[in-house]
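This report refers to the structure that appears directly beneath it.
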Amino acid sequence: MTYTADIKRQFFNSLKRGTGEAYLIAKNNPTIDFSNQIIKGALNIFAYDGQCEGNRAQYIYDIISVSKKKDKIRKAILQGLATEKNDTWNLTHLFALAKLFAERNDTEAKRAIYDRFLTNPIEGSDWVGAYEILELDGLNGLFYVAEKFGKHIEQNPDDWQDDWIITHFQEENKSIKVYEELKKKAKTNKFIRIYLDNIKRTKSSQKGIRPNQQNIKTLLTKL
């Protein structure tokens with residue numbers, strides 16, 4: 001009992017630090033159930049600074065891969081994705097984890113990503129989940145993101161959106177004329193039209209007031 005408790009403690013300490021020791025401990029001790037500790041690492045990002053370090057999804061996913069309680073952990077992740085409402089970086093971590101499942105033909109995980117995006121968003125973090133949808137479904141994913149933003153704006157007319165999601169997608173997909181595709185879609189989809197109109201108004205109202213995304217990136221690289 002003491003040995004098991006000590007191993008679990010060593011495992012969890014490594015997991016919180018994000019070191020490879022946790023994976024090796026789990027792999028070398030297949031009779032010990034680390035699922036509760038893994039779930040804690042899945043629901044909470046233990047990075048010192050989640051914004052700077054980014055998510056640890058692949059790290060956690062690799063540890064899950066050697067667990068005998070994969071289904072239990074997966075269910076906890078999808079439940080966490082549906083219910084996290086306080087911490088932006090925990091939520092980005094959960095979206096990224098769910099994407100790894102979705103990329104392996106887990107349709108429930110993919111549905112969970114789509115359902116959670118822009119549903120009860122954390123204040124100031126309505127963008128969370130957009131990247132995962134774009135990476136999973138490309139241009140069709142962008143259409144979904146744009147439509148859902150349009151629906152959100154219709155219900156929250158004082159909301160404003162800039163074009164950084166579109167700009168990011170364009171940078172990653174240079175062969176696609178992204179704005180042209182969105183404008184074509186907007187002719188038959190009023191919510192995409194609402195989204196694009198909102199971006200246009202945002203740009204007009206913020207000229208000369210707010211630095212654009214590229215200027216922010218430039219400033220940050222100089223710090």
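Quick test of the membrane-span-like rule: which DSSP H helices of the chain reach at least 18 Å along their long axis (C-alpha atoms) with mean Kyte hydropathy at least -1.0? The answer, listed by residue number, is 2-17, 70-83, 88-102, 130-155, 190-206. Potential lengthening of the chain between ASP106 and GLU123 amounts to 3.2 nm, from the contour at 0.36 nm per residue minus the alpha-carbon distance. Near TYR179: Cβ cut-off under 15 Å, other residues only, Lys/Arg at +1 and Asp/Glu at -1. The net charge is +2. Local charge sum around LEU118 (other residues, Cβ-Cβ under 9 Å, Lys/Arg +1, Asp/Glu -1)? Here the count lands on +2.
Maximal additional length on extending the THR19-TYR179 stretch stands at 53.4 nm, based on 0.36 nm per residue less the C-alpha distance. Taking Lys and Arg as +1 and Asp and Glu as -1, the other residues whose beta-carbon sits under 12 Å from that of ASN90 total +1.
Bear in mind these aren't lab numbers, they're just calculated from the coordinates by the rules spelled out. Because the structure is a prediction, the values reported are computed rather than measured. Quick reminder, even Gly has a Cβ in these numbers, built from the backbone with ideal geometry, and neighbours come from all protein chains shown.
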